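The values are calculated or read from the model by the stated rules, or taken from the named source; none is laboratory data. This one's a predicted model, so the numbers in the text were calculated from it and none came from an experiment. Methodologically, a virtual Cβ is constructed for each residue, glycine included, from the backbone with ideal geometry; neighbour enumeration extends over all protein chains shown.
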Amino acid sequence: MRRCLLAVPLLVLLAAPRARAQEYVRPAADLDRLVQELFAEIQSDQVPYEDLYETLLQYYQTPLNLNTASREELRGLLLLSEAQISGLLDHRQRRGSLLSLYELQSVVGFDVRTIYRVAPFVTVQANANGSRGPLWQRIAREDNNALFVRYERVLQQRKGYSPADTTSTGSIPSRYLGSPDKLMVRYRVSHARDFSLGVTAEKDAGESLTWNPGRRRYGADFYSAHFLLQERGRLKTLALGDYQLQFGQGLLLSSGLQVGKGAETITTIRRSSLGVRAYSSLLESTFFRGAAATVGLTPTVRATAFVSRKRVDASVQSAADTLAQFDEFSSGLLLTGFHRTAAELANRQALRETIGGGNVGYTSRSGHFSAGLTAVGTHFDKAIQRSAEAYNQFEFRGKDNLAVGAHYSYVVRNLLLFGETARSSSGGIGTVNGLLASLAPSVDASLLYRHYDRNFHTLYGNALSENTRNINESGLYAGLKVRPVARWEISAYYDQFWFPWLKYQVSAPSLGHDWLVRLSFTPSKTSLLYAQLRTRVKEYDATDAAAGRLIPVPVPTVRHSLLLFYDTSPTLALSLRTRLQGTRYREDGGPLRTGYVLAQDASVTVGRYLRLSGRYALFDTDDYDTRQYVFEQDVLYAFSIPALSGQGTRMYAIAEVKCTRHLTLWLRYAETHYRHQQTVGSGLEEIQGPRRGEVKVQARYKF
């Protein structure tokens with residue numbers, strides 16, 4: 001009887017009938033709240049947010065079918081524990097396919113909060129692939145079929161767009177060559193486990209629209225296109241154009257939804273072997289371009305082969321010494337994707353990158369054990385040779401890199417063991433091994449050890465690490481999640497890490513640690529309250545304030561962070577969110593510096609066709625080291641996480657208008673007002689005055 005009563009609100013939410021249909025209506029994806037739950041306080045610009053949001057939105061647009069999803073696919077959601085995944089698979093085996101999503105209430109390990117979190121990204125269907133009729137007919141009648149057009153602009157004039165006056169030396173300063181308008185056009189049609197077709201074109205602010213085939217410029221600065229087929233008998237996946245690869249723990253190949261250390265202390269430290277996936281993001285450097293295919297050799301063995309060939313940005317130089325090893329070389333790849341000035345255009349697509357390799361994977365019939373081998377070979381037409389600083393001594397050098405690795409995953413009762421070990425052609429070894437355990441129905445734990453040699457080179461890997469790359473690091477991570485009583489949850493982790501070789505601005509081997517504790521309370525199904533503490537200690541070279549230079553002696557820097565967050569929906573039409581976060585920062589016993597931001601959000605739905613959202617925030621930081629990153633709501637398929645530094649206010653407002661059944665419009669205005677400042681930004685981004693305002697307009701037409 002109790003289960004029936006608990007299922008009532010889920011039935012109301014998820015099983016509301018559509019006109020002339022007997023399907024449930026999935027709730028809208030609340031990415032804001034989901035990010036709050038998965039991340040720690042966002043205090044970094046190194047996370048690939050574009051990739052993260054693209055993956056989450058693709059799960060929303062093409063939801064995962066719970067009746068056919070494999071263990072690896074369920075892991076890829078990052079929202080389910082291993083015990084919940086095992087409970088769902090066991091339920092399917094014993095009772096057959098789910099008839100409706102609210103049936104999850106009867107699956108062992110699933111609570112109301114979990115079901116609310118996963119509901120926007122999953123579905124329950126009897127016909128898994130829907131592949132009836134020719135492909136062109138399936139594309140034509142697919143509901144997930146839309147064209148997006150977006151326009152953005154900063155309203156104030158920035159220095160890079162002003163007329164360039166001759167300097168005292170007679171030279172002309174650098175200026176942006178294009179307009180301040182940012183444009184994006186995207187079309188995509190896809191169906192889960194069947195097909196995906198997409199084309200994207202983008203021009204960043206400052207880039208020019210130029211047609212010059214001789215310089216590989218065809219109007220917009222960046223184009224991306226893909227065509228992907230799935231589940232054609234033994235051919236499991238075929239990708240042409242741009243695609244992503246993800247195998248093992250991401251040590252060699254990793255893309256998509258990778259969160260790493262955060263407030264979700266258990267499920268986000270593992271990776272999933274999702275194989276070949278379509279790519280349609282706007283990032284210009286985290287994808288492969290060519291072809292990839294996965295074939296089922298037997299019911300338990302799959303083989304993937306891929307080849308990629310594309311041009312990448314790099315600063316190419318000619319050797320001054322005729323006896324040098326390389327006549328031409330680059331100091332490294334450039335990943336910004338900006339081509340606004342003459343210097344940036346000179347680096348555009350200056351290096352040709354060719355990558356080939358494959359993966360062979362075995363998964364037992366029960367799905368409890370899987371293992372695989374991966375090989376990735378990379379060739380550049382010009383050598384990579386970093387600058388001669390000591391910290392670069394063991395970085396990748398040359399034109400070729402071959403990395404091979406093995407990965408495994410094993411489930412035994414309530415314990416998951418996983419790992420991956422790889423070796424690059426330099427002889428460097430990288431390894432990551434961990435476990436997830438359900439110690440009790442209300443207690444989960446995780447443990448992960450990682451070690452990446454100082455000469456381990458992986459160019460498309462993204463396994464869990466403190467560094468932005470998997471090199472020169474060892475670490476031990478331990479996580480815990482406890483649900484002591486209903487509606488209460490405590491999550492925590494502790495991570496100890498070491499860097500055995502020098503780093504940029506760290507002139508000796510160094511170490512540090514990072515810990516987080518979050519206490520969450522769910523007063524109701526539509527409310528969430530939590531408090532979070534985090535401390536990170538890392539060593540950097542000391543600063544001589546009097547001389548204005550660094551001293552090559554690493555000293556500890558300590559950052560303490562506090563985050564308070566409250567989310568509630570007093571009515572079905574109104575949502576309110578309050579966020580207070582602060583930082584205390586100190587370098588080697590020096591003066592204490594602080595920063596904070598207080599933000600109030602509100603969203604209201606007016607009738608069936610209009611939704612209004614907005615925020616007003618106050619921020620005050622002593623300097624850039626205490627800057628605050630706060631996630632903001634944005635138009636669909638876009639994100640905004642500005643760095644707030646100094647003193648001032650930040651506000652934005654969004655209107656979402658459903659004009660017709662096919663057409664939806666978004667209008668967003670955001671403004672930052674700084675106190676005690678006469679200019680905003682620096683360099684070519686400098687604005688005269690204390691304000692920076694941005695406008696963004698987007699239209700979606702669903703075919």
Query - Residues of the stretch 90-103 satisfying the condition of being hydrophobic (A, V, I, L, M, F, W, C) and at pLDDT 90 or above - result: LEU98
Query raised in the report: Which residues, taken from the stretch 338-349, are under 24 Å from ASP242 (Cβ atoms) and surrounded by fewer than 18 Cβ atoms within 10 Å (Cβ to Cβ)?
Result: GLN349
Query raised in the report: From the list GLN600, GLN581, which one is touching a residue at least 60 places away in the same chain (Cβ under 8 Å) and closer than 30 Å to VAL112 by Cα?
Result: GLN581
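Out of the residues in the stretch 591-613 meeting the condition of being part of a strand (DSSP E or B) and of a type in the set (A, V, I, L, M), tell me which one is surrounded by the most Cβ atoms within 10 Å (Cβ to Cβ).
Ranking the qualifying residues of the stretch 591-613, first place goes to ALA599.
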Report summary line: Listed by first then second residue, the pairs whose first member lies in the stretch 477-506 and is among the acidic types (Asp, Glu), whose partner is surrounded by fewer than 21 Cβ atoms within 10 Å (Cβ to Cβ), with beta carbons under 6 Å and at least 6 positions apart or on separate chains, are GLU489/ARG483; GLU489/SER520; ASP495/ASP514
**Report entry** Of the criteria (1) touching a residue at least 24 places away in the same chain (Cβ under 8 Å); (2) surrounded by fewer than 16 Cβ atoms within 10 Å (Cβ to Cβ), which one PRO163 fails
**Finding:** (1)
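So is ARG289 in a strand (DSSP E or B) and in contact with an Asp or Glu (Cβ under 6 Å, 6 or more places away or on another chain) or not?
Details: in a strand (DSSP E or B): yes; in contact with an Asp or Glu (Cβ under 6 Å, 6 or more places away or on another chain): yes.
Taking the combined requirement at face value, the residue satisfies it.
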Query raised in the report: Being in contact with a Lys or Arg (Cβ under 6 Å, 6 or more places away or on another chain), modelled with pLDDT of 95 or more, assigned to a strand (DSSP E or B) and of a type in the set (S, T, N, Q), is that true of even one residue in the stretch 649-662?
Result: no
**Report entry** Failed item, numbered, when VAL301 is tested on (1) among the aliphatic types (A, V, I, L, M); (2) modelled with pLDDT of 90 or more; (3) in contact with a helix residue (DSSP H, G or I) (Cβ under 8 Å, 6 or more places away or on another chain)
**Finding:** (3)
**Report entry** SER366 being farther than 24 Å from GLN393 by Cα, without any contact (Cβ under 8 Å) to a residue 12 or more places away in the chain and surrounded by fewer than 18 Cβ atoms within 10 Å (Cβ to Cβ)
**Finding:** yes
Report summary line: Of the conditions (1) among the β-branched types (Val, Ile, Thr); (2) free of Cβ contacts under 8 Å to residues at least 40 places away in the same chain; (3) under 30 Å from GLU207 (Cβ atoms), the single one that ILE384 does not satisfy is (2)
Query raised in the report: If you take the residues in the stretch 614-643 that are aliphatic (A, V, I, L, M) and modelled with pLDDT of 95 or more, which one is nearest to the chain's Cα centre (by Cα)?
Result: ALA617
Query - Among the residues listed as THR468, THR421, the single one being among the hydroxyl-bearing types (Ser, Thr, Tyr) and buried (at least 18 other Cβ atoms within 10 Å of the Cβ) - result: THR421
Report summary line: By residue number, the members of the stretch 341-389 that are out of contact with any Asp or Glu (no Cβ under 7 Å at 6 or more places or on another chain) and among the charged types (D, E, K, R) are GLU344, GLU353, ARG365, ASP381, GLU389
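Each row is one residue, and each column tells you yes or no for (1) surrounded by fewer than 20 Cβ atoms within 10 Å (Cβ to Cβ); (2) closer than 19 Å to THR458 by Cβ; (3) modelled with pLDDT of 95 or more.
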site	(1), (2), (3)
ALA201	yes, no, yes
PRO213	yes, no, no
ALA225	yes, no, yes
GLY233	yes, no, no
THR237	no, no, yes
TYR243	no, yes, yes
THR267	no, no, no
SER272	no, yes, no
SER281	no, no, no
Query raised in the report: With (1) touching a residue at least 60 places away in the same chain (Cβ under 8 Å); (2) over 22 Å from LEU31 (Cβ atoms); (3) assigned by TED's automatic domain parsing to the domain that holds ALA28 as the list, and LEU99 as the residue in question, which single condition is left unmet?
Result: (1)
Query - Selected residue [more than 30 Å from ASP327 (Cα to Cα) and either more than 22 Å from the chain's Cα centre (by Cα) or surrounded by fewer than 19 Cβ atoms within 10 Å (Cβ to Cβ) (or both)] from VAL432, VAL412 - result: VAL412
Query raised in the report: Which residue pairs have Cβ atoms under 8 Å apart, sit 6 or more places apart or on different chains, and have a first residue in the stretch 620-635 that is in contact (Cβ under 8 Å) with a residue 12 or more places away in the chain and a second that is assigned to a loop (DSSP other than H, G, I, E, B) and of a type in the set (Lys, Arg)?
Result: THR621/ARG627
Report summary line: Within the stretch 69-115, residues touching a Phe, Trp or Tyr at 6+ places or on another chain (Cβ under 8 Å), in a helix (DSSP H, G or I) and aliphatic (A, V, I, L, M) come out as LEU88, LEU101, LEU104, ILE115
Report summary line: Among residues of the stretch 251-286 being touching a helix residue (DSSP H, G or I) at 6+ places or on another chain (Cβ under 9 Å) and outside any loop (DSSP other than H, G, I, E, B), the residue nearest to VAL376 (Cα to Cα) is GLY275
